[in-house]
Amino acid sequence: MSDFPVTQHAIQFTGKDQFVHNTAKAVDAIGPTQLLLEVEACGICFSDTKLLHAFDDHPRKSPVVGGLSPEELAQVPGYHPGTEPTVPGHEPVARVVAVGDAVTRFAVGERLLVQADWRHLPTAASNGAFGYNFEGALQEYVVVDERIVVAGGEEFMLRVSDRPTAAQVALVEPWSTVEGSYSRVERNTLKPGGHLLVVADAGVVASGLAPLLAASRPGTITAVGVDPVTVDASARAAALDEVAAGVDDIVYFGSDAATIEHLGRLLGARSLLCIVLGGATIDRRVQLDVGRVHYDFTRYVGTTGTDPAEAYASIPANGEIRAGDTVAIIGAAGPMGLMHTVRTISLGLPGVSVDAADVNDERLAHLASVVDSTAAERGVPLRVVNSMTSPLEPGYTYLTCLVPVPALLSQAVDLAADGAIVNAFAGFPAGTLAELDLQGIVERHVFLLGTSGSEMSDMRSLLDKLETGALDTSISLDAVCGMAGFADAIDAVNNRTSGGKIMVYPRLHDLGLVRLSELPEKLPAVAAAMTDGRWTPAAEAALLETAG
């Protein structure tokens, strides 16, 4: 470690809505199984604001309960669960500058993109993650452990060439989360070997389960209220109170909103609640935990008839946009909304049209300046619209909601046509309740999905597109800064005043927040190295030389 500084600049979250710019944080020594990475750049994400607000209440800040022993976790210098201060930053590109004697997969000099979502390290309600309970990249140097970034034979760091800029590589992670929201495979059968709970309202006969059970057999089945002669409503409610949370599939023959809300609380991760109305009507809007739709992949489906298999059959294979879809992107002018818009108009699917909606005219103008030419080239009808002055009308077959406001997600469901997909991409915190028209979801077979993070396959796909020139991820870059600009940067993300992503260069200690549109005035040498307003290797080199 003698070749590296003893201390460094770092951003540390120290409590709820509390952070410091530490100018003398220790550079951790590495153990035998560890690597020291020098951070080139790291993007700021809206998820960082959620960690800042929730801190130790965030599901990814809690202690790891599996995958590594407590003794092994104690050997990782950057493991800081619970109330311990942590370094955020999960969108980095970094260079290996030192390795321990037992490291076998990585070598000094390799340039790496970190996959931050470490699902093989479970916490009580989520999983371990780089930039959460393990220190992230908003510091000059960070230690990672090979026992963590290699698991099950898979590496969670991808090698990158020197061709793309640091900003382009760091932006692969957020772009891959966008990709993952469309590519994740959905389950349309009972979970094999899982726990099935069958519930029936008093006087309602539970029928039609045989086809579901023939297609996929659960491991255990619990039945509550299926005998209408002997079980009344109060007895059924008492029986449900005895059912432990964590159920994989719930098939509910009934229409009581309060019962549906109770059943939603019993769902486990990656679970399904199927509502069989049998001609009845749900008596009011239903409060559903949309944070769990996002983080735990809970799903709600149903049928107006008596056959639960019909509801399962209506589940799409994945969340991908389809030919002929009329798409509404709610919150399109934000950083992630821009990515969703660019991806949608670039798919090349016939008959797709896009309404990109937001409420900020300045950000909408920026969005239009980025995407109008691409939409014209691809022949995709695109409308960039202020939904406050021009409200969206019902009839969309695909809606993506990027604003974590429950009322907007509820509105997206109301705007959905028959067979529509509603992509709740917005990072609703777990426990966020939204009043949704579940009756309409069932009647119109609207599928509400949410995803969190990305798979390695998504990152590899995006990185390949970047390396081959098929995608320039920096199309979403709005501003750059050093450590001194972090406060303004996180404020811009939190208040949604940024029209694109903000990239932090940790080695630039004193650089404040500078939007690319401000470069001609503030950093003219950097602006002169850009091409058609786009980030380039020359621009990044000029930034590091000028601001450094």
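Before moving on, here are some points about what is shown:
- Within segment 364-399, the only residue that satisfies the criterion of being surrounded by 12 or more Cβ atoms within 10 Å (Cβ to Cβ) and either in contact with a Phe, Trp or Tyr (Cβ under 6 Å, 6 or more places away or on another chain) or among the acidic types (Asp, Glu) (or both) is Asp372.
- Complete set of residues in segment 28-50 that are within 26 Å of the chain's Cα centre (by Cα), hydrophobic (A, V, I, L, M, F, W, C) and crowded, with 24+ Cβ neighbours inside 10 Å: Leu37, Val39, Ala41, Cys42, Ile44, Cys45
- Of all residue pairs spaced 6 or more apart or on separate chains, those with beta-carbon atoms under 6 Å, a first member in segment 288-317 that is part of a loop (DSSP other than H, G, I, E, B) and a second member that is crowded, with 22+ Cβ neighbours inside 10 Å and of a type in the set (Gly, Ala, Ser) are Thr298/Ser271.
- Every test in (1) among the polar types (S, T, N, Q); (2) surrounded by fewer than 22 Cβ atoms within 10 Å (Cβ to Cβ); (3) in contact with a strand residue (DSSP E or B) (Cβ under 6 Å, 6 or more places away or on another chain) is passed by Thr298 save one, and that test is (2).
- One residue stands out in segment 1-12 among those that are in a strand (DSSP E or B) and among the polar types (S, T, N, Q): the one that is nearest to Asn133 (Cα to Cα), namely Gln12.
- Test result for Leu121, part of a strand (DSSP E or B) and farther than 22 Å from Glu71 by Cα: no
- Residue tally, condition of a type in the set (A, V, I, L, M) and either surrounded by fewer than 22 Cβ atoms within 10 Å (Cβ to Cβ) or in a helix (DSSP H, G or I) (or both), over segment 248-269: 6
- Wholly enclosed helices (runs of 4 or more DSSP H) of segment 133-199 bearing at least 3 residues within 27 Å of Leu272 (Cα to Cα) and modelled with pLDDT under 95: 172-183
- The C-beta contact set for segment 528-548 (first residue closer than 17 Å to Glu518 by Cα and not assigned by TED's automatic domain parsing to the domain that holds Arg163, second residue charged (D, E, K, R) and part of a loop (DSSP other than H, G, I, E, B), distance under 8 angstrom, 6+ apart or interchain) comprises Arg534/Asp472; Leu544/Arg507; Ala547/Asp510.
- Scope segment 176-190; condition buried (at least 22 other Cβ atoms within 10 Å of the Cβ) and within 16 Å of Glu310 (Cα to Cα); matching residues: Leu190
- Looking only at residues of segment 459-487 that are assigned to a loop (DSSP other than H, G, I, E, B) and touching a residue at least 60 places away in the same chain (Cβ under 8 Å), we find that the one that is nearest to His90 (Cα to Cα) is Gly482.
- Restricting the search to strands (runs of 3 or more DSSP E) fully inside segment 13-110 and requiring at least 2 residues that are touching a helix residue (DSSP H, G or I) at 6+ places or on another chain (Cβ under 7 Å) and of a type outside the set (A, V, I, L, M, F, W, C) gives 34-44.
- For segment 516-548, a residue qualifies if it is of a type in the set (Lys, Arg) and either in a helix (DSSP H, G or I) or surrounded by 18 or more Cβ atoms within 10 Å (Cβ to Cβ) (or both), and exactly one does: Lys522.
- Taking each residue of segment 358-375 that is farther than 18 Å from Leu516 by Cα and looking for partners that are assigned to a helix (DSSP H, G or I) with beta-carbon atoms closer than 6 Å, six or more apart or interchain, yields Asp358/Leu364; Thr374/Ile345; Ala375/Ile345.
- So Ala41, is it among the aliphatic types (A, V, I, L, M), in the same structural domain as Thr473 (by TED's automatic domain parsing) and over 25 Å from Ala487 (Cβ atoms): no
- Within segment 419-442, residues that are over 20 Å from Asn494 (Cα atoms) sit with their Cβ atoms under 6 Å from residues that are at pLDDT 95 or above and basic (Lys, Arg), at 6+ positions apart or across chains, in these pairs: Glu435/Arg285; Asp437/Arg285.
- Failed criterion for Glu71 (all others in (1) without any contact (Cβ under 8 Å) to a residue 24 or more places away in the chain; (2) among the acidic types (Asp, Glu); (3) within 30 Å of Phe428 (Cα to Cα) hold): (3)
- Leu113 being touching a helix residue (DSSP H, G or I) at 6+ places or on another chain (Cβ under 6 Å) and either part of a loop (DSSP other than H, G, I, E, B) or surrounded by 15 or more Cβ atoms within 10 Å (Cβ to Cβ) (or both): yes
- Pairs where the first residue, in segment 137-157, is closer than 14 Å to Pro32 by Cβ and the second is part of a strand (DSSP E or B), C-beta under 6 Å, 6+ apart: Val143/Gln34; Val143/Leu36; Val144/Leu35; Asp145/Gln34
- For segment 494-522, filtered to residues that are modelled with pLDDT of 90 or more and of a type in the set (Ser, Thr, Tyr), the residue that is nearest to Asn360 (Cα to Cα) is Ser517.
- Residue within segment 181-198 that is touching a His at 6+ places or on another chain (Cβ under 9 Å) and within 24 Å of Tyr79 (Cα to Cα) present: no
The values are calculated or read from the model by the stated rules, or taken from the named source; none is laboratory data. Values in this document were obtained by computation on a predicted structure and should not be read as measured data. Neighbour counts run over all protein chains shown; Cβ positions are idealised from the backbone, glycine included.
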